[in-house]
Every structure is written in C-alpha cells, then in structure tokens.
C-alpha cells in the first residue's frame with residue numbers, strides 16, 4: 001500500500017473517531033475510557049518532548065551562544081504545541097478532568113505561554129541571563145508545575161485502579177520532579193565548567209566566553225568570568241533546594257502512589273535518565289554535569305518515614321532523616337565523584353526546618369483534598385470515568 005495513502009487513511013480514521021467527542025461540556029463530565037487513555041497518552045508524549053528538549057537545553061547553553069531557534073528549543077516547542085492542543089480539549093470539552101485539574105492545567109499553560117515572550121525580551125535586554133534562576137525562567141517552571149499538577153490530579157481521580165494507573169502516576173511524578181529540579185542543574189553543569197576552565201580547556205565556545213566577559217566588563221582570561229557564568233548563585237542554594245523542593249516532591253509521590261519505595265523509584269528513574277544521557281552528551285562533545293545521585297538517599301528516608309502511621313511524627317522524623325542523609329550523601333558524592341560546592345553542615349538546619357514545614361503542609365493538603373493512595377479507591381469509584 002502507498003505509504004501516503006496509508007497515512008491519510010489513518011488520519012481520517014482518527015478524525016472520525018475524535019469528532020463525536022468535540023462537544024462543549026463542563027469539567028467532570030463522563031469520559032469514555034478510550035478517550036481518557038488517549039488524552040493522558042498525549043500528556044506523556046508532550047512531557048517526554050519537553051524533558052528531552054530541556055535536558056539538551058542546559059548543556060547547549062553551557063557551550064553555545066544563545067539562539068531562539070536552537071535545536072533544544074525546537075524540540076521543547078513540539079511538546080508545548082501538544083500541551084496547548086490538550087489544554088484546549090480539556091477546557092472546551094470538559095473531558096478527562098475535574099474542575100480543579102482543569103484550572104491547574106489552564107493556568108499552568110497560560111503562565112508558560114506568557115513567560116515565553118517575556119524570556120525572549122529578557123534575553124534581548126540583558127544578554128545571556130544564563131542563570132536558571134532568573135524571573136522569566138522561573139515563570140516557565142511555575143507554569144509547567146501547575147500544568148503537571150493538574151495532569152496528576154486528573155489521572156489520579158479518573159484512572160481505573162490497576163498496574164497501569166500506578167505506572168502512569170509514577171511517570172507523571174518523574175516529569176514533575178524533572179521540572180522542579182531543573183534549575184538546580186545550573187550548578188551541576190557549572191562545577192564541570194569550572195573544572196574544564198581550570199584545566200585550560202573550557203567547554204564553552206570562545207564566542208560565548210567573550211560574550212560573558214563583555215557582560216561583566218572583564219577580560220576573557222579572568223577566572224571571575226567563568227565563575228560568574230557557571231556558578232552565579234550562592235553555594236547554599238543547591239543543598240537547601242534539594243532538602244526542601246526535591247524532598248517535597250518525594251513526599252507527595254510516596255503519599256499518592258502509595259507503594260513502598262515509590263519516592264525512591266521516582267527519583268531513581270530521574271537519576272538513571274540523567275546517567276544515561278551523560279555519555280550521549282559527552283560523545284557529542286557537549287558539556288557534562290554532576291548527576292545528583294545523592295538525592296536517592298533522601299528519597300529512601302522519605303519512603304522509610306512512611307512506615308510511621310502518625311502524619312505529624314512522620315513529617316518531623318522523616319524531614320530530619322532526609323536532611324541528614326542528603327547532607328552525608330552529597331559529601332560522599334563530592335569526595336568520590338563530583339558535586340556542586342559543599343557548605344557547612346549547619347546550613348542544613350535551615351533545610352530541615354523548611355522541609356519539616358512543607359511536609360506537614362503536604363500531609364494536611366493531601367488529606368484535605370483526598371489525594372492519598374488510601375483514598376484513591378473511594379475517589380475513583382466516585383468519578384465519571386469507567
């Protein structure tokens with residue numbers, strides 16, 4: 001059969017299948033099982049494109065001068081286009097989401113789309129703005145955060161019980177973790193960048209180094225240029241962010257997935273992915289990064305804390321254990337391999353206080369909105385999806 005004709009026939013069949021569903025409706029309407037699967041498969045594909053583009057994007061910006069049409073941006077844009085299409089479907093038809101999930105997805109997509117032109121303007125005005133922690137970049141992460149949280153809620157409430165429900169929920173939490181952890185990669189790439197500079201073999205192209213030097217008014221031979229470019233944020237930010245933001249995602253994953261070692265598996269999949277793309281970037285002569293293997297220790301502490309039944313005790317004991325293990329694991333990784341700069345152990349007292357407060361808030365919120373695993377059977381039976 002002619003490939004073009006075959007493709008046309010499949011496209012026609014897909015359109016004929018989808019058209020009857022294209023009707024205006026409110027969020028929470030009864031969703032056919034096949035449509036529900038297709039919608040959330042679309043989300044998995046969209047987030048996969050965004051993760052692949054994002055992974056390449058950080059490495060790209062540590063090597064080349066910024067380009068709006070760089071390949072990582074184009075790859076990410078494919079995911080964004082799918083996200084936009086799915087958001088329109090959810091908003092117009094009301095299929096596959098309840099009202100809260102629909103709002104999270106809509107607001108997340110809206111914030112992301114507003115952040116894109118703001119980021120382009122920011123780069124036109126401020127040049128490189130290489131740090132992942134800039135305001136325009138943060139809006140991109142926040143928009144994606146809302147978006148993924150909405151998708152997680154929609155799947156949690158609507159998917160029928162079973163192995164597939166658990167696997168997809170775990171996959172969505174991997175995407176959530178990747179988005180949350182994304183800005184911390186700046187320091188992970190930065191330490192390799194500084195090491196390459198000190199060896200006299202910078203990973204960045206001369207045009208990028210010159211641009212960075214011109215921005216701060218120093219000669220390209222000054223090490224301060226490399227430090228300003230590669231490690232522009234305080235050293236304390238990295239371990240504190242690991243203790244609070246990363247472990248908060250681990251707590252929510254464990255509570256909602258409900259399986260022992262759920263948090264460790266979610267973060268383990270992310271670490272495995274980073275480990276697999278490491279040699280690919282190296283072979284392609286792109287900058288490498290310090291893979292955050294130490295996060296596994298904190299995730300394990302979160303999983304073990306869930307053996308405690310009392311939510312308050314679990315949060316207080318678990319936050320202390322996660323903080324201590326993270327600190328020690330990061331120091332071990334620094335001694336054995338590579339990691340961002342270390343900070344005094346007392347710094348982690350702030351991390352413990354932060355994750356303790358966030359963990360307590362998560363325990364209350366997940367219980368309040370019936371998003372724990374033990375609530376899922378009752379929640380699923382009450383939804384419209386078969």
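The values are calculated or read from the model by the stated rules, or taken from the named source; none is laboratory data. Everything numeric here is computed off the predicted structure, so don't read it as measured data. Ideal geometry is used to build each Cβ from the backbone, glycine not excepted, and the neighbour counts take in all protein chains shown.
The table below lists the values:
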read-out	value
Test result for residue 117, in contact (Cβ under 8 Å) with a residue 60 or more places away in the chain, over 23 Å from residue 232 (Cβ atoms) and surrounded by fewer than 17 Cβ atoms within 10 Å (Cβ to Cβ)	no
Scan of region 216-228 for residues that are farther than 30 Å from residue 352 by Cα, surrounded by fewer than 20 Cβ atoms within 10 Å (Cβ to Cβ) and touching a helix residue (DSSP H, G or I) at 6+ places or on another chain (Cβ under 8 Å), ordered by number	216, 218, 219, 220, 222, 223, 224
Every residue from region 349-374 that is surrounded by 15 or more Cβ atoms within 10 Å (Cβ to Cβ) and either more than 23 Å from the chain's Cα centre (by Cα) or free of Cβ contacts under 8 Å to residues at least 60 places away in the same chain (or both)	350, 356, 360
Subset tally (residues that are more than 13 Å from the chain's Cα centre (by Cα) and surrounded by fewer than 22 Cβ atoms within 10 Å (Cβ to Cβ)) for region 138-152	1
Meets criteria (crowded, with 18+ Cβ neighbours inside 10 Å and under 19 Å from residue 52 (Cβ atoms)) for residue 191	no
Selection status of residue 36, in a helix (DSSP H, G or I), more than 22 Å from the chain's Cα centre (by Cα) and buried (at least 17 other Cβ atoms within 10 Å of the Cβ)	yes
Meets criteria (modelled with pLDDT of 95 or more and touching a helix residue (DSSP H, G or I) at 6+ places or on another chain (Cβ under 8 Å)) for residue 281	no
Enumerated helices (runs of 4 or more DSSP H) restricted to region 229-286, each holding at least 3 residues that are surrounded by fewer than 18 Cβ atoms within 10 Å (Cβ to Cβ)	262-283
First in region 212-230 and more than 16 Å from residue 131 (Cα to Cα), second anywhere and modelled with pLDDT of 80 or more and surrounded by 14 or more Cβ atoms within 10 Å (Cβ to Cβ), Cβ under 9 Å, 6 or more apart	218/228; 223/194; 223/197
Any hit, region 55-64, residues being within 20 Å of residue 103 (Cα to Cα), assigned to a helix (DSSP H, G or I) and either without any contact (Cβ under 8 Å) to a residue 12 or more places away in the chain or in contact with a helix residue (DSSP H, G or I) (Cβ under 7 Å, 6 or more places away or on another chain) (or both)	no
Residues satisfying the stated conditions in region 65-102, i.e. modelled with pLDDT under 95 and not in a helix (DSSP H, G or I)	65, 66, 67, 68, 69, 70
The listed residue being within 22 Å of residue 56 (Cβ to Cβ) and not in a helix (DSSP H, G or I), out of 204, 195	204
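Condition check ((1) in contact with a helix residue (DSSP H, G or I) (Cβ under 6 Å, 6 or more places away or on another chain); (2) within 22 Å of residue 245 (Cβ to Cβ); (3) outside any helix (DSSP H, G or I); (4) modelled with pLDDT of 95 or more) across all residues:
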{"site": "107", "(1), (2), (3), (4)": "yes, yes, no, yes"}
{"site": "115", "(1), (2), (3), (4)": "yes, yes, no, no"}
{"site": "122", "(1), (2), (3), (4)": "yes, no, no, no"}
{"site": "125", "(1), (2), (3), (4)": "no, no, no, no"}
{"site": "148", "(1), (2), (3), (4)": "yes, yes, no, yes"}
